Amino acid sequence: MESLELHLFKDSFGPFITLLNEHSVKYQMRQARSGVPMASSGVVELLQAASLFPSLAVVICAFLKNKRSRKVIITTKDNLVVQAEGLNEAELTKVLEQAKNLTAIETNRAEP
């Protein structure tokens with residue numbers, strides 16, 4: 001089964017995983033190897049099923065809605081970089097269908 005790679009940075013890890021669980025998006029954690037430079041604190045493989053993209057679009061919208069300091073960056077198979085902010089669920093679903101990987105960032109944990 002194919003998977004979509006999701007990079008979660010320190011403060012985005014807990015909230016994003018919680019949303020994946022709430023929306024029943026199937027994933028598996030990838031083991032990080034010590035001594036290897038890592039750009040993110042966690043790598044999650046989202047298991048691609050028929051309902052992945054619409055469900056993931058809902059998760060991304062919910063993640064972004066809670067705090068302005070949150071960002072989701074999608075890189076497509078054509079290496080186009082798309083910022084998810086401002087996209088609705090239908091637009092996100094179309095972008096996610098072409099996604100190679102995702103990055104979720106929370107830049108300011110103290111923000112309400």
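Under 5 Å between amide hydrogens, built in the peptide plane, is the criterion, and for Lys100 it picks out Thr75, Thr76, Lys77 among residues at least 5 positions away or on other chains. Rolling a 1.4 Å probe over the protein chains gives Val25 an accessible area of about 10 Å². Counting only lysines at least 8 places from Lys65 when in the same chain, those with an alpha carbon closer than 20 Å to its own are Lys10, Lys94. With θ taken as phi - 60° and the Karplus curve 6.51 cos²θ - 1.76 cosθ + 1.60 applied, the whole-hertz 3J(HN,Hα) list for the range 19-26 is 5, 4, 5, 4, 9, 6, 8, 7 Hz, x standing for glycine and proline.
Per residue, the accessible area of the range 60-112 comes to 59 Å², computed with a 1.4 Å probe over protein heavy atoms only.
The phi-based Karplus calculation (6.51 cos²θ - 1.76 cosθ + 1.60; θ = phi - 60°) puts the 3J(HN,Hα) values of the range 63-74 at 4, 6, 5, 6, 8, 5, 7, 8, 9, 10, 10, 10 Hz, whole numbers, x for Gly and Pro.
Other residues within the sphere of radius under 13 Å centred on the Cβ of Gln28, judged by their own Cβ, net out at -1 (K and R +1, D and E -1).
Surface composition of the chain: carbon plus sulfur atoms contribute 51% of the solvent-accessible area (1.4 Å probe, protein chains only, all chains present). Partners of Lys67 within straight-line reach, counting aspartates and glutamates whose Cα lies under 17 Å from its Cα and excluding those fewer than 8 residues away in the same chain: Asp11, Glu85, Glu106, Glu111.
Have a look at Leu80, Leu52, Leu64 and tell me which one the Gaussian network model of the chain (Cα, springs below 10 Å) gives the largest fluctuation. Result for the chain, Cα springs under 10 Å: Leu80 fluctuates most. With θ taken as phi - 60° and the Karplus curve 6.51 cos²θ - 1.76 cosθ + 1.60 applied, the whole-hertz 3J(HN,Hα) list for the range 46-60 is 8, 7, 7, 10, 4, 8, 4, 5, x, 5, 5, 4, 5, 4, 4 Hz, x standing for glycine and proline. Near Phe9: Cβ cut-off under 10 Å, other residues only, Lys/Arg at +1 and Asp/Glu at -1. The net charge is 0.
Distances longer than 20 Å among the Cα atoms of the chain: what percent of all pairs is that? Write down the numbers at each step before the final one.
Values: 2177 of 6216 pairs.
Across the chain, Cα pairs with separations above 20 Å total 35 percent.
The values are calculated or read from the model by the stated rules, or taken from the named source; none is laboratory data. Just so it is clear, the model here is predicted, and its values are computed rather than measured. For neighbour counting, all protein chains shown are included, and Cβ atoms are generated from backbone atoms with ideal geometry for every residue, glycine included. We work out accessible area using only protein heavy atoms, side chains counted, and drop any ligands, DNA or RNA first. Shrake-Rupley method; radii C 1.70, N 1.55, O 1.52, S 1.80 Å.
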